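Only one structure is covered here, and it is reproduced in the block below.
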2 protein chains.
Amino acid sequence: MIARILSIGTELTLGQTVDTNSAWLAQQLAELGIETVAHATVPDELEPIQAEIERAARDADVLMVTGGLGPTQDDLTREALARVMNVPLDFHAPTLERIREFFRSRNLQMPEADRREAMVPRGATLLDNDCGTAPGLRARIGRCDAFVLPGVPREMRSMFDRTVRPVLAGRGGFILQRVLRTFGLPEARIGELIADLMQRGRNPTIGTTAQAAVVGIRINARARTLDEAAALLDRDAAEIRRRLGDYVFGEGDATLQQAVAELLWRHGRTVATAESCTGGLLAKALTDVPGSSRYFLCGWVTYSNAAKQRELRIDAARIERHGAVCREVAESMALGARTLSGADYAIGITGIAGPEGGSPEKPVGLVYVSLASPDGCEVRELRLGEYLSRGEIRDRAAKAALNMLRLALLTSASQPKAAPEIRA
Amino acid sequence: MIARILSIGTELTLGQTVDTNSAWLAQQLAELGIETVAHATVPDELEPIQAEIERAARDADVLMVTGGLGPTQDDLTREALARVMNVPLDFHAPTLERIREFFRSRNLQMPEADRREAMVPRGATLLDNDCGTAPGLRARIGRCDAFVLPGVPREMRSMFDRTVRPVLAGRGGFILQRVLRTFGLPEARIGELIADLMQRGRNPTIGTTAQAAVVGIRINARARTLDEAAALLDRDAAEIRRRLGDYVFGEGDATLQQAVAELLWRHGRTVATAESCTGGLLAKALTDVPGSSRYFLCGWVTYSNAAKQRELRIDAARIERHGAVCREVAESMALGARTLSGADYAIGITGIAGPEGGSPEKPVGLVYVSLASPDGCEVRELRLGEYLSRGEIRDRAAKAALNMLRLALLTSASQPKAAPEIRA
């Protein structure tokens, strides 16, 4: 079964907003065994919307349309769909009543413009919106089953999960996907290590994508039954893991911080952070994970040298000797954070995020990451280069720190916890 | 002048990666007076790529294509373009030499697969790649000027800026865009306040998009000359600012943290942060801005109650009385951070980010934000609701805190700085 995806919105064609709905829908459809063969994006104009719906419906079994269902004058999808179906738009009183109730329950008056959302192409089915006002639509266009959802991501996803997914489940053959996430190995090197598995025409198909220093290895297996597809996936995933070892940190949407969180929980360990150039990004990453209060105790963002000395008890002479960006200060930050917080592990990061602040000896992108653990303290020097942006340098440094902690947790046996050194 | 954009990649059609290239290119083209009327995305398969290039070239003056220029077996854009042009692929020795040199200068051996990147459709022009190996291509297809760029965003943007932008500048009429960014007012309310400006058929056209609680007001003005377009933009922007006042915090890609940074610089003020549920996100936001070391002194992420007491000197009894999520603790965090750091302003945030941790009295999304300033200390209670994700609650809370500081800086006259209270 084949699908096409159509996103409607001038903010999309003019590039003001990045389209995330299409990628999400394509993933959902893939899990349902439906292959998306193309995406299209058109502006809030009647003719292009109508033309694209007609075109897509001609050669797809399923069409997912998002956008243009709101209450304003540039919301034209209902009208365009009605034209494609060659039917009038009918006013649907129960929908208007639902919309009024939506506003009433929030102590608000319904803006008159929202009446437009109660217009329905004759013969279309309504899809309930439990997060917003505009109902979605479902209509058959020739052999194509077309679904029209809101453009607002939260409303769209909820409507898809509740009203579309149950309808589509079981329709397609089976295409199962799995993505392995890796960090620390260049994409080209991964390509060499699994070159035989990546040959064209093979099933499963394997592709790699690099995004913000995380390389995703996408495995797609096709089969008549779910079990066969799963078996093909398992075999390839196991072989890739065997070859890449600890470079693989997770699957699917897993992040380095989730991998770290699971290891900290499993070993019953705690962590604290002391950041300078990353400015709080590492602590934020560690606390992204629900339940992080079980392992994350405390973080410092000692941006100024005064703060480093005052809060982490770092010797002023140490900073004067080599400046704030050096191995010694990174180490002192990690050790200070560990001592003060009583955590099992502590990370210290100091570096030059740029764009200013670099010099020939200490260029932009130079970052020292230190990990203090029950076994001692190690420091790693990163040279992230002068071509990454400030945001990218901060991001890569935080990821390198997370990975350092992850690898240390993987190699540490479950040793009895040493008594924490807490300063009263 | 009309443009279409085509993104190539199976990771895009299957939804593994979100397409950001199309939005970026559409913006660049708009600034050059070229209107993008549609985007399309196709997988790494020869027929769909060829068909979509042919279709797009039929009704566009400019076609931007990204992706499929790499060295692997699923990079098919060169071949597809050659088929559309009905020409053979020629081997271009100087390009191969450049690619070899790219690897040599990094002390690497060129993988043999990279030879493919030296194949060029006969009659196409090469576009230099200064960040990677694969050159881009430019070719005329009928009346369409087609540009083929790498899919890797950094390589694509650099190539566009250096080799495409100069070629396209001056070709189109003039479409100028401006985006005003607002925070704190619901999108529907903004729509009511500027309803007359948003009527269809008007020039400039005005649209609104809400993203992560920031509402962008997009103004597009069309005119024969640059000056006329700019004048139309200025007039509408001024009128919108007059009506919305301080709800407007910036333009274009401006963020709340940039607006705060500029105000802090202008007034010569400093800030410190004490966070619990936002976990470092507020400090990270404040340090996103280059030069933030001029105003950002220090941040605490006192995630555990022990850390709150130990690092910020918060009275244990205060936490016992009402728990960690209450006005009093938020206030104590802000005051503690201000006193300890010596900053002019300090923000304290404590709340329930979820998904667990809520109760009927203190639901998920309840957050207290406190701002300590030379004038005293205020606390605001936010009820962000139970329908936002953990990440969204943290994000909105940090934004609300930034906005609180922004508004305080806007209303404060340039008063002489009081002597900072620094604890030795």
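Listing for the model above:
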read-out	value
Filter result (at pLDDT 90 or above and open to solvent by 20 Å² or more (accessible area, probe 1.4 Å)) within the stretch A:166-188	A:Arg178, A:Arg181, A:Phe183, A:Gly184, A:Leu185
Which numbered condition A:Gln211 fails, given (1) under 20 Å from the mean Cα position of the chain (by Cα); (2) surrounded by fewer than 21 Cβ atoms within 10 Å (Cβ to Cβ); (3) at pLDDT 90 or above; (4) within 14 Å of chain B (Cβ to nearest Cβ)	(3)
Scan of the stretch A:173-209 for residues that are aliphatic (A, V, I, L, M) and in a helix (DSSP H, G or I), ordered by number	A:Ala188, A:Ile190, A:Leu193, A:Ala195, A:Leu197, A:Met198
Output for the stretch A:29-39, where each listed residue is within 17 Å of A:Asp59 (Cβ to Cβ) and open to solvent by less than 10 Å² (accessible area, probe 1.4 Å)	A:Leu29, A:Ile34, A:Thr36, A:Ala38
Matching option when the condition is modelled with pLDDT of 95 or more and open to solvent by 20 Å² or more (accessible area, probe 1.4 Å), among B:Val379, B:Val367	B:Val379
Restricting the stretch A:297-316 to residues that are within 7 Å of chain B (Cβ to nearest Cβ) and either of a type outside the set (A, V, I, L, M, F, W, C) or over 34 Å from the mean Cα position of the chain (by Cα) (or both), the residue that is nearest to B:Tyr303 (Cα to Cα)	A:Gly299
Residue among A:Ser105, A:Ser158 that alone is of a type in the set (Gly, Ala, Ser), open to solvent by less than 60 Å² (accessible area, probe 1.4 Å) and assigned by TED's automatic domain parsing to the domain that holds A:Gly67	A:Ser158
Residue in the stretch A:267-275 that is on the phi > 0 side of the Ramachandran plot and in a loop (DSSP other than H, G, I, E, B) present	yes
Any hit, the stretch B:91-100, residues being in contact (Cβ under 8 Å) with a residue 40 or more places away in the chain and open to solvent by less than 20 Å² (accessible area, probe 1.4 Å)	yes
Of the criteria (1) assigned to a loop (DSSP other than H, G, I, E, B); (2) modelled with pLDDT under 95; (3) closer than 24 Å to A:Ala221 by Cα, which one A:Ala30 fails	(1)
Answer residue from the stretch B:40-50, given it is among the charged types (D, E, K, R) and surrounded by fewer than 22 Cβ atoms within 10 Å (Cβ to Cβ) and is nearest to the other protein chains (Cβ to nearest Cβ) among those	B:Glu45
Residue satisfying all of: in the stretch A:214-231; open to solvent by less than 40 Å² (accessible area, probe 1.4 Å) and away from chain B (no Cβ under 14 Å); nearest to A:Leu409 (Cα to Cα) among these	A:Ala230
Conditions (1) closer than 24 Å to A:Asp114 by Cα; (2) open to solvent by 30 Å² or more (accessible area, probe 1.4 Å): number failed by A:Ile2	(1)
Any hit, the stretch B:293-306, residues being in contact (Cβ under 8 Å) with a residue 40 or more places away in the chain, over 17 Å from A:Ser304 (Cα atoms) and hydroxyl-bearing (Ser, Thr, Tyr)	no
Qualifying residue in the stretch B:81-91 (condition: among the polar types (S, T, N, Q) and closer than 14 Å to B:Ala134 by Cβ)	no
Filter result for the condition that a residue is modelled with pLDDT under 95 and either farther than 30 Å from B:Pro153 by Cβ or buried (at least 18 other Cβ atoms within 10 Å of the Cβ) (or both), over A:Gly342, A:Gly357	A:Gly357
Qualifying position, being farther than 30 Å from A:Gly9 by Cβ and open to solvent by less than 10 Å² (accessible area, probe 1.4 Å), among B:Ala134, B:Ala26	B:Ala134
Residue ranges of helices (runs of 4 or more DSSP H) in the stretch B:62-172 with at least 2 members within 14 Å of another protein chain (Cβ to nearest Cβ)	B:93-104, B:153-159
Hits in the stretch A:58-81 (condition: open to solvent by less than 10 Å² (accessible area, probe 1.4 Å) and either closer than 30 Å to A:Val179 by Cα or under 22 Å from the mean Cα position of the chain (by Cα) (or both))	A:Ala60, A:Val62, A:Leu63, A:Met64, A:Val65, A:Thr66, A:Gly67
Where B:Arg242 falls short, out of the listed (1) assigned to a helix (DSSP H, G or I); (2) open to solvent by less than 40 Å² (accessible area, probe 1.4 Å); (3) modelled with pLDDT of 95 or more	(2)
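Yes or no, residue by residue, for (1) modelled with pLDDT of 95 or more; (2) under 30 Å from A:Gly291 (Cβ atoms); (3) surrounded by fewer than 24 Cβ atoms within 10 Å (Cβ to Cβ); (4) touching a strand residue (DSSP E or B) at 6+ places or on another chain (Cβ under 9 Å):
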site: B:Gly252; (1), (2), (3), (4): no, no, yes, yes
site: B:Arg269; (1), (2), (3), (4): yes, no, yes, yes
site: B:Ser276; (1), (2), (3), (4): yes, yes, no, yes
site: B:Phe296; (1), (2), (3), (4): yes, yes, no, yes
site: B:Gly299; (1), (2), (3), (4): yes, yes, no, yes
site: B:Arg318; (1), (2), (3), (4): no, yes, yes, no
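The values are calculated or read from the model by the stated rules, or taken from the named source; none is laboratory data. Everything numeric in this text was worked out from a predicted model, so none of it was measured. Note: ideal-geometry Cβ built from the backbone for every residue, glycine included; neighbour counts use all protein chains shown. Each accessible area value is taken on the protein alone, full model and side chains, heavy atoms only, with ligands, DNA and RNA left out. Shrake-Rupley method; radii C 1.70, N 1.55, O 1.52, S 1.80 Å.
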